[in-house]
Structures are given as C-alpha cells and as structure tokens.
Amino acid sequence: MRVEHVGKNIQLTDFIKDYTEHKLERLLPYIKDIDISEDSVQVKVIYDFEKHGHRNRVDMHINFNTPGGGVIHAWEESNDLYSAIDFVIDEVERQLVRLKARRKEERRRLAKLKEKERREALEEESIKRPLIVLEPMPLEKPLTVEDAMMLLEETGAFFLPFRNAESGEINVIYRKKAGNYGLIAPGV
C-alpha cells in the first residue's frame, strides 16, 4: 500500500504520518478479502487546518489500481487531528465492508447467471438430440442362448440383443447384480 501525505496549513510530523499509517494497517484484512493486492492500493491523505474555525480536516482517497478498480473517499473534521484521523479510518472501514458485500453479491450473481446459461445450453442440446436413436442389431446371424452368454462375457457388455437360433425371435441377454444372467424373450 503506497501512502502519500499532504499537509495544508499544517506542519506534518513523522509522528502524524506514523499514526495514520499504523491506523491504515487495520484496513489490510478488508483489502485482502476484496481480492486486491496491497501493491495495487494507493492512499492519499490530506491534512488541513482551518485557522478561523480551529478545526482539523482529514481527507482520505483510496484508489484500487486493478481491473474493476474502485475509489473510496472519506473525510472528517474535528478539533483534534488524531480524532479526525480515527473517524476517517472508521468511515473507510465501513465503506470497505460495503464494497466487500457488493463484490461478493456480484460474484454470486455472475455464478448464478453462468449456471443458468449452462443449464439452458444443456436443455438446448437435449432438444436437438432425438430421444430415441435407431441402432442396428449388433449381430446379424442367429445365436443360441449359450453362445450369446459367452459373447456377453467376452465383450464385457451389460446386455446383448440377439436373434435366437431356436425360435428366430429377438431376445436380450443381460447381466444381473447377483452375477447370474437374465434372458428377455417374447412370449415367455
């Protein structure tokens, strides 16, 4: 985080600068939560003293030099310079909390939108594909039930439609969970 201190009508001391930078460290967890690196944050703090009102004013500008960027600005006035610094840090902290919530909500909204688009694409794809696809019989020559069972074991398939050599009908042989086989034949 790069911090620039500017004094108007006030003599800036190292103590004032150190006090402000120490208070700015309180904001670092919020900046990390927003997924912004510390190097891309520029802070400009302007200290001003109004002689006729005996008031100290502190303006703070925080620029995020990232895609999507952003600027946070806050200012406070007080009779005590250090109170004004504390108040402005509190205001910046509130704004960072709101910024974090907005960005989190935006990420959530974009994720929902992306999921909706993905679902619509899947629905569109399922509409384009026919529900039933006509496929040719895997074997043209008739088989006995035993030959079909041996072929099913060799191929490792879960089921095999075949023309029964004894009846001439189409039958289906399939594996059962128990390890044995089932046979679907018309009229049985």
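Number of residues in region 18-55 that are modelled with pLDDT of 90 or more and either more than 14 Å from residue 6 (Cβ to Cβ) or assigned to a helix (DSSP H, G or I) (or both) equals 10. Screening residue 20 on (1) closer than 30 Å to residue 107 by Cα; (2) surrounded by 12 or more Cβ atoms within 10 Å (Cβ to Cβ); (3) in contact with a Phe, Trp or Tyr (Cβ under 9 Å, 6 or more places away or on another chain); (4) not small (Gly, Ala, Ser) shows it passes everything except condition (1). Against the list (1) outside the structural domain of residue 32 (by TED's automatic domain parsing); (2) out of contact with any Lys or Arg (no Cβ under 7 Å at 6 or more places or on another chain); (3) not basic (Lys, Arg), the condition residue 170 fails is (2).
If you go through region 76-90 one residue at a time, do you hit one that is out of contact with any strand residue (DSSP E or B) (no Cβ under 6 Å at 6 or more places or on another chain) and within 26 Å of residue 104 (Cα to Cα)? Within region 76-90, one or more residues are out of contact with any strand residue (DSSP E or B) (no Cβ under 6 Å at 6 or more places or on another chain) and within 26 Å of residue 104 (Cα to Cα).
Taken together, 2, 26 contain a single residue that is among the basic types (Lys, Arg) and closer than 13 Å to residue 96 by Cβ, which is 26. Of all residues in region 70-82, none satisfies being at pLDDT below 90 and either in a helix (DSSP H, G or I) or not assigned by TED's automatic domain parsing to the domain that holds residue 13 (or both).
For region 57-67, the criterion of being in the same structural domain as residue 100 (by TED's automatic domain parsing) and more than 30 Å from residue 106 (Cα to Cα) is met by at least one residue.
Residue pairs whose Cβ atoms lie under 9 Å apart, separated by 6 or more positions or on different chains, with the first residue in region 95-121 and under 21 Å from residue 29 (Cα atoms) and the second in a helix (DSSP H, G or I) and among the aromatic types (Phe, Trp, Tyr), are 96/30; 97/30; 99/30; 100/30.
The values are calculated or read from the model by the stated rules, or taken from the named source; none is laboratory data. Just so it is clear, the structure is predicted and the values come from calculations on it, not from any experiment. Positions of Cβ are generated from backbone atoms using ideal geometry, with glycine treated the same way; all protein chains shown enter the neighbour counts.
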